[in-house]
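The values are calculated or read from the model by the stated rules, or taken from the named source; none is laboratory data. Everything numeric here is computed off the predicted structure, so don't read it as measured data. Glycine gets a Cβ as well: all are built from the backbone with ideal geometry, and neighbour counts include every protein chain shown. Please note that ligands, DNA and RNA were not included when accessible areas were found on the heavy atoms of the full protein model with its side chains. Shrake-Rupley method; radii C 1.70, N 1.55, O 1.52, S 1.80 Å.
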Amino acid sequence: MDTRRLGYFVRVVDIGNITRAADSLHITQSALSQHISALENDFKSRLLERTGRGVEVTASGRSLYRYAQGIIRLEKAARIDLRAGGDTPAGLVTVGLASYSMAPGLAVPLLRAVRERYPNIQLQLIQNLTVVMSQAVLLGQVDMALIYDPGYVRGVVFEHIREEEFHLITSARTPPVSSRGDTVTLKEASRLDFLMPSELHTVRRITEAAFHAAGLHCSVVAEVEPDSVLRDAVVNGLGATVLPLSAARAHFAPDEVRIYRFADSRLYTAMSLCTCEVQPLSHAAALVADLVRTLVPAPAAPGRKPV
């Protein structure tokens with residue numbers, strides 16, 4: 001198979017328009033269309049549907065897109081590794097970082113450590129993907145991911161790195177939720193409007209499960225994925241959220257929010273390093289994994305930021 005065609009297909013899907021994709025690839029629209037048609041002939045399946053506004057990906061196209069990303073990444077990694085030569089660790093290493101966690105705060109320290117120790121390793125840090133991180137590891141889209149442990153997932157291994165306890169976060173501009181300082185009950189929290197990630201996210205599932213177990217309702221008024229949008233929305237009093245203490249302290253200034261520990265329920269999960277069970281890490285990826293393990297900070301002490 002011509003991996004170049006897979007790259008063309010991925011570009012079309014990302015842009016959603018053949019004409020603009022052709023311009024970005026510096027080829028003609030007709031040539032790009034021929035490459036897509038050749039792929040459809042190879043797979044005996046329609047991959048894209050042409051519309052008046054561009055193209056839409058079919059179910060078969062979405063499946064190929066996920067695999068194509070992994071294939072393209074592996075080819076790029078091989079080229080970097082072979083081009084470097086010698087005994088110096090080299091290659092492309094992709095690390096997925098879970099949103100709504102302490103993982104994104106690890107990005108800059110990890111990048112600095114890799115640049116200082118292994119300058120021939122090209123690090124790629126990814127937070128948002130079209131599939132969940134464990135599936136991305138399984139599909140070869142990323143080498144490893146620092147994520148909340150979702151439990152058993154066939155084909156991947158979860159190495160427990162540290163435990164994260166979730167806290168209630170509200171704006172300092174709104175009245176205190178509790179009269180007891182830095183603790184709050186689930187019943188008190190149930191009176192709030194919440195800004196949360198999608199129902200697939202571990203933070204959302206654990207939070208709603210705790211409310212449900214107590215016979216209470218968690219009122220989610222908006223689903224917010226980008227961390228920066230969540231930060232601004234909470235600070236401006238548009239809703240409360242639930243985050244690990246480490247993530248809350250990384251996202252918010254001390255005077256922007258109030259942080260409460262749940263007094264009557266412990267909401268927590270494990271942060272784990274996720275790798276593929278059947279595909280061993282490359283030498284470069286194994287070195288990066290060791291750095292991840294050493295850079296993960298110890299859990300922060302519980303408590304409330306000054307308000």
Practice prompt. Would you mind listing the helices (runs of 4 or more DSSP H) fully within the stretch 151-248 where at least 3 residues are surrounded by fewer than 18 Cβ atoms within 10 Å (Cβ to Cβ)?
Written response: 202-213, 227-235
Worksheet, complete the sentence: Of the residues in the stretch 41-63 that are assigned to a helix (DSSP H, G or I) and open to solvent by 20 Å² or more (accessible area, probe 1.4 Å), the one that is farthest from A285 (Cα to Cα) is N41
Fill in: Selected residue [under 21 Å from R231 (Cα atoms) and in contact with a strand residue (DSSP E or B) (Cβ under 6 Å, 6 or more places away or on another chain)] from A145, A107
A107
Worksheet item: Exactly one of (1) part of a loop (DSSP other than H, G, I, E, B); (2) under 21 Å from N236 (Cβ atoms) is unmet by Q141. Its number?
Response: (2)
Worksheet item: Does at least one position in the stretch 100-120 carry a residue that is modelled with pLDDT under 80, farther than 25 Å from R4 by Cα and in a loop (DSSP other than H, G, I, E, B)?
Response: no
Worksheet item: Given the structure, is L92 over 24 Å from P197 (Cα atoms) and not in a helix (DSSP H, G or I)?
Response: yes
